[in-house]
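Each remark here refers to the structure printed beneath this line.
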Amino acid sequence: MKIRVLFFGMLKDICGTPGSLIDVPADATIQSVFDDYASRFPKLREVAASVVTARNHEFAAAGERLAEGDELAFLPPVSGGVSGQPEAEPVVRDPEGHLFAITRAPIDPRAIESELLAGSDGAIVTFHGVVRNNTRGRETLRLEYECYEAMAIRKMAEIGREIARAYPIGRIALVHRLGVLEIGEASVVVVATAPHRKPAFDAALEGINRLKRLVPIWKKEYFADGEVWVEGEWDASAPRVAPG
């Protein structure tokens, strides 16, 4: 049967490809596909403990059986190149007024605040994640963000809706930028509105913390003397492949 396999971030570099359509046995599992690639690219085995798996845009356990037409993604640690230009940038606007988006254009926080703010709100909290000019004293020239777009927008919406149910807020927005970003530019913006300030602060903090651990976004950092994929850390709940 045929399935599509995708690699992101440093895994794409290790395998020399962003993915392909492959034939697998009828009893293939996520783990068996990974093991096959690891036999050809031994460095995959070295990083296996931090590789998370997704099937059809949802986290999936390595032991799951695959089916014809599945899309299987192997995801390195999140740290939020670009994998390709989509026909349209993913944007989700919920009936409740929540906003979730991935964009290649500069983010306009004021426009997001204006879209979310309602007359019943007494507070609005906005978090900007911006590109800094150094990492541990090493001069940074720029960053480049990549993501698994179909899964990323779904996870952003899932996180935002869960936060909206958990906190007494009005609306929430999670917006992340992709592509090359210069020093001082915003890579991610989280906005929360609420009748009172504490829930707005709490929701915005929870939003950026969960986005960083659960949304498949990666960044490459460029220095004067080289470049490197930045390794973050998945949430403990994200399913890994077995190191072998």
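Please treat every number below as a calculation from the coordinates, not as lab data. Keep in mind the model is a prediction, meaning the values are calculated, not measured. Reconstructed Cβ throughout: ideal geometry from the backbone, glycine too, with neighbour counts over all protein chains shown.
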For region 118-138, enumerate the residues that are over 17 Å from the mean Cα position of the chain (by Cα) and surrounded by fewer than 16 Cβ atoms within 10 Å (Cβ to Cβ).
118, 119, 120, 122, 132, 133, 134, 135, 136, 137, 138
Mind checking whether some residue in region 208-215 is in contact with a Ser or Thr (Cβ under 9 Å, 6 or more places away or on another chain), surrounded by 16 or more Cβ atoms within 10 Å (Cβ to Cβ) and more than 16 Å from residue 156 (Cβ to Cβ)?
no
Tell me, which helices (runs of 4 or more DSSP H) wholly within region 30-134 include 3 or more residues that are within 21 Å of residue 209 (Cα to Cα)?
109-116
